[in-house]
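Worksheet: the structure to be examined is printed underneath.
The values are calculated or read from the model by the stated rules, or taken from the named source; none is laboratory data. If you're wondering where the values come from, they're calculated on a predicted model, not measured in any experiment. Note: ideal-geometry Cβ built from the backbone for every residue, glycine included; neighbour counts use all protein chains shown.
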Amino acid sequence: MHGLINRTIQSFVRDTRSEALWLEIAKAAELGFDDFEAMLSYDPALTKRALGAVACKLGLPQDALLEDMGTYLVSHKNTEAVRRLLRFGGVDFVEFLHSLDDLPDRARLAVDDLILPQLELRERSAERFTLQVSARQRGFGAVMMGVLRAMADDYGALVLLEYVPEAEGVESIDIQLIEAAFAEGRGFDLGGARDE
Amino acid sequence: MPKVGDLIWGARGMNDMKPMGAVPHDLAELGRLMDAFCPMHVMLDAAGQMVHVGATLQKLRPDAPMVGKTFLEVFELRRPQGVSSMSELMRSAGVKLHLRFYDTPETALKGVLAPLEGGRGAVLNIGFGISLIEGVRDYALVSSDFAATDLAIEMLYLVEAKSAAMEASRKLNLRLQGAMIAAEEQAYTDTLTGLKNRRAMDHVLTRLIERKRGFALMQIDLDFFKAVNDTLGHAAGDHVLQNVARFMVEETRDEDTVARVGGDEFVILFDGLTDREALSRVAARIIERLEVPMPFGEHFCRISASCGTVLSQSYGQPDAGVMLADADMALYASKKAGRAQHSFFSEAMRDVGGDGGPIPAAIAPKHKGARPREERRGEE
């Protein structure tokens, strides 16, 4: 599993809980080191053990943990770069949803060995969408739940999300757009100057 | 998607295009299409005056309406050079133009010009080229300022994504470099005493020779150390070595290199110090300090040391191997003279060598290893 994904697990614990807790988790998961390197690759077994140890220490079910991590990726100040890269996908939430099909390719343009799950948006009506997430490891769908929730906030859109756990290797999320411009949302400055 | 050129040629070949219906046949229609596809275009009349300006281009100078001004008074044409009139500008049709605003910010722009049918002027499309990043920043541009087909947003995305990836790689490199320095440091350190090891000493000696500055090389051999090891054990021996290392470091300067090069053998390199008296004083102080009996448990460890020194200026072209062998010979002279002493190497030592016979430099260190035992037997 790519270091960026493993590093996210570590940063999530460190930024939302504490460095000390991460060190405990690294030990409990028997990683054999304290830090994941973002630009190296790791045996998927390590990722699984790390996630298991985090869920255990935080007392959260795996899906809830993954969703929290998705939210963290978009909303924490230490992962601002991720939020910005996602915001390049579109000027409003619907355009952003449509850009998700390209997300794995976009990610590969920047980091060519980063393999993200295939995403496919099905448009059922102007306000109803289904996002299908196909990956070798299940769990990405739950992460996308968190990402979508946080991105909707970011755009100021009001949405209802429903997670449909795996069926035949595909996880899906039903998305219902209640109001595209419900709140102000956060700013997004193309030039990268301070937002908001 | 139609390009500027298509529209212009479409206008020129209007009669042929008629069946398609929507071909622009007047400038207003052309302007409308250009607004949709090329928000940074400008239309010039025959005199070179700007008659229609795309919204994004005008956004770069929000307080100075461009319509009514001549193109060449607002934009400086950097390439091709020497263009100062509309007629000259018209001759650069189809060529890549390098432009710049006359006033600040002097954003660099790229452009291409296509003439209008019947000498009615020209249309120019303008873009940021590589100054896109500064442009977006300086003028606070947003997605809707670019045509949907413009790759500007994708380029901005890529620049940010690549910067983030590079930053992560840079951090990894820094950490790897730190680990490498630590590993090198370890490879150059004698772990028992914290002194430099043989490898490090060889390294420093080579550097000193290359730098062609004067320096001194002192070999130090502990006397009676083996007796400590044999009677009180290795722990006592280690204790002694650590003390000796500390004395040597304390009695030398920061710029000197103190190395443990064998079991009880040390080399000190004195960078820039070649004064015989000063060197003799350092040797005497070291010997004096390590002769003070060192308590270990209920015992005292008693040792001494013999030293031999060579100076780089004694050689036309100093050689590390020769200097070490000569220093060893001087050290052997100290041993012969009754130990606990310091000697400088002199050519005369080559002739008297070990027991009167010359010692070939290359095998001198081997002889030395066998020596202390014999000497101790004579003494005890």
### Summary
Only unsatisfied item for B:Thr193, checking (1) over 30 Å from A:Arg87 (Cβ atoms); (2) away from chain A (no Cβ under 14 Å); (3) assigned to a helix (DSSP H, G or I), is (3)
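For region B:196-215, enumerate the residues that are in a helix (DSSP H, G or I) and either surrounded by fewer than 17 Cβ atoms within 10 Å (Cβ to Cβ) or of a type in the set (Asp, Glu) (or both). I'd like the intermediate steps shown before the answer.
Taking region B:196-215 and keeping what is in a helix (DSSP H, G or I), we get B:198-211.
Once the filter is applied, which keeps residues that are in a helix (DSSP H, G or I) and either surrounded by fewer than 17 Cβ atoms within 10 Å (Cβ to Cβ) or of a type in the set (Asp, Glu) (or both), region B:196-215 yields B:Arg198, B:Arg199, B:Asp202, B:His203, B:Thr206, B:Arg207, B:Glu210, B:Arg211.
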### Task
Could you give me the residue pairs with C-beta distances under 9 Å whose first residue belongs to region A:129-156 and is basic (Lys, Arg), whose second residue is in a strand (DSSP E or B) wherever it lies, and which are 6+ apart or on separate chains?
A:Arg138/A:Pro165; A:Arg138/A:Glu166; A:Arg138/A:Glu171; A:Arg149/A:Val159; A:Arg149/A:Leu161
### Query
Does B:Phe247 satisfy the criteria of being within 24 Å of B:Val310 (Cβ to Cβ) and in a strand (DSSP E or B)?
no
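If you check B:Gly135 against the conditions, is it within 12 Å of chain A (Cβ to nearest Cβ) and either part of a helix (DSSP H, G or I) or of a type in the set (Val, Ile, Thr) (or both)? Don't jump to the end; show me each part of the working.
Values: within 12 Å of chain A (Cβ to nearest Cβ): yes; either part of a helix (DSSP H, G or I) or of a type in the set (Val, Ile, Thr) (or both): yes.
Taking the combined requirement at face value, the residue satisfies it.
Table: residues versus (1) within 14 Å of chain B (Cβ to nearest Cβ); (2) touching a residue at least 40 places away in the same chain (Cβ under 8 Å); (3) in contact with a helix residue (DSSP H, G or I) (Cβ under 7 Å, 6 or more places away or on another chain); (4) surrounded by fewer than 19 Cβ atoms within 10 Å (Cβ to Cβ).
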position: A:Arg49; (1), (2), (3), (4): no, no, no, yes
position: A:Gly70; (1), (2), (3), (4): no, yes, yes, no
position: A:Ser75; (1), (2), (3), (4): no, yes, yes, no
position: A:Asn78; (1), (2), (3), (4): yes, yes, yes, yes
position: A:Leu86; (1), (2), (3), (4): yes, yes, yes, no
### Message
With the condition being free of Cβ contacts under 8 Å to residues at least 40 places away in the same chain and within 25 Å of B:Ala140 (Cβ to Cβ), I'd like the strands (runs of 3 or more DSSP E) fully within region B:61-128 carrying at least 1 qualifying residues.
### Response
B:75-79, B:97-101, B:108-115
### Query
For region B:160-190, how many residues meet the condition of being in contact (Cβ under 8 Å) with a residue 12 or more places away in the chain and not in a helix (DSSP H, G or I)?
2
### Task
Select from region B:1-53 the residues that are assigned to a helix (DSSP H, G or I) and at pLDDT 50 or above and list them in ascending order.
B:Leu27, B:Ala28, B:Glu29, B:Leu30, B:Gly31, B:Arg32, B:Leu33, B:Met34, B:Asp35, B:Ala36, B:Phe37
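Residues A:Asp102, A:Asp174, A:Asp153: which one is of a type in the set (Asp, Glu) and within 14 Å of another protein chain (Cβ to nearest Cβ)?
Working: A:Asp174 fails: within 14 Å of another protein chain (Cβ to nearest Cβ); A:Asp153 fails: within 14 Å of another protein chain (Cβ to nearest Cβ).
Being of a type in the set (Asp, Glu) and within 14 Å of another protein chain (Cβ to nearest Cβ) holds for just one of A:Asp102, A:Asp174, A:Asp153, which is A:Asp102.
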### Message
Considering only region B:145-159, I want to know if a residue exists there that is assigned to a strand (DSSP E or B), closer than 25 Å to B:Ala55 by Cβ and not basic (Lys, Arg).
### Response
no
#### Entry: For A:Phe188: the one exception among (1) in contact (Cβ under 8 Å) with a residue 24 or more places away in the chain; (2) hydrophobic (A, V, I, L, M, F, W, C); (3) away from chain B (no Cβ under 14 Å)
(3)
### Message
If A:Phe36 satisfies all but one of (1) closer than 22 Å to B:Ala168 by Cβ; (2) surrounded by fewer than 17 Cβ atoms within 10 Å (Cβ to Cβ), what's the number of the condition it fails?
### Response
(2)
#### Entry: Condition check for A:Ser125: crowded, with 17+ Cβ neighbours inside 10 Å and under 30 Å from B:Ala147 (Cα atoms)
no
